[in-house]
Amino acid sequence: QVQLVESGGGLVQPGGSLRLSCAASGSIFSIGTMGWYRQAPGKQRDMVAAITLRGSTTYTDSVKGRFTVSRDNAKNTVYLQMNSLKPEDTAVYYCNADIAEKLGGYRNYWGQGTQISVSS
């Protein structure tokens, strides 16, 4: 079964840094775009950053210059380096990826979510 497992969440002070990882596992043929979404209480889930197979990146305006998304295709893993964290970054962060299993087409998958809390 294909799954995305996230790690690296936790509590951090404003101005601090945190690095999230999301590893895909299972019968994987290829992985297309991978990315990160976040959802704060009472709000919808929004895209934070995404990266294509070839490394093209996209960021929501509020995190540009602070967050960096990257991937290691050999490890089927996507990362989100978060610097200069602000209280408004507090949310549950979800990994997302388009994954093609062997003998199948692409499907979209979500990680389990990890809580990021930015507070002093």
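Restricted to the stretch 2-59, and to residues that are loosely packed, with under 12 Cβ neighbours inside 10 Å and among the basic types (Lys, Arg), which residue is farthest from Tyr109 (Cα to Cα)?
Lys43
Tell me yes or no: at least one residue of the stretch 78-87 is surrounded by 14 or more Cβ atoms within 10 Å (Cβ to Cβ), on the phi < 0 side of the Ramachandran plot, of a type in the set (Val, Ile, Thr) and under 15 Å from the mean Cα position of the chain (by Cα).
The answer is yes; a qualifying residue exists.
Mind checking which residues of the stretch 88-116 are within 14 Å of the chain's Cα centre (by Cα), over 14 Å from Asn76 (Cβ atoms) and of a type in the set (Asp, Glu)?
Across the stretch 88-116, the qualifying residue is only Asp89.
Can you go through Gly42, Gly111, Gly35 and tell me which one is among the small types (Gly, Ala, Ser) and over 17 Å from Glu6 (Cβ atoms)?
Gly42
Read through the list (1) open to solvent by 80 Å² or more (accessible area, probe 1.4 Å); (2) modelled with pLDDT of 95 or more; (3) more than 24 Å from Leu11 (Cβ to Cβ); (4) hydrophobic (A, V, I, L, M, F, W, C), then give the number of the only condition that Leu103 fails.
(2)
Taking the stretch 106-120, which residues are part of a loop (DSSP other than H, G, I, E, B) and surrounded by fewer than 20 Cβ atoms within 10 Å (Cβ to Cβ)?
Of everything in the stretch 106-120, those that are part of a loop (DSSP other than H, G, I, E, B) and surrounded by fewer than 20 Cβ atoms within 10 Å (Cβ to Cβ) turn out to be Gln112, Gly113, Ser119, Ser120.
For Val63, which of the numbered conditions (1) open to solvent by less than 50 Å² (accessible area, probe 1.4 Å); (2) in contact (Cβ under 8 Å) with a residue 40 or more places away in the chain fails to hold?
(2)
The values are calculated or read from the model by the stated rules, or taken from the named source; none is laboratory data. In this text the structure is predicted, and so the values were computed from the model without any measurement. Every residue, glycine as well, gets a Cβ built from its backbone with ideal geometry; the counts of neighbours run over all protein chains shown. Each accessible area value is taken on the protein alone, full model and side chains, heavy atoms only, with ligands, DNA and RNA left out. Shrake-Rupley method; radii C 1.70, N 1.55, O 1.52, S 1.80 Å.
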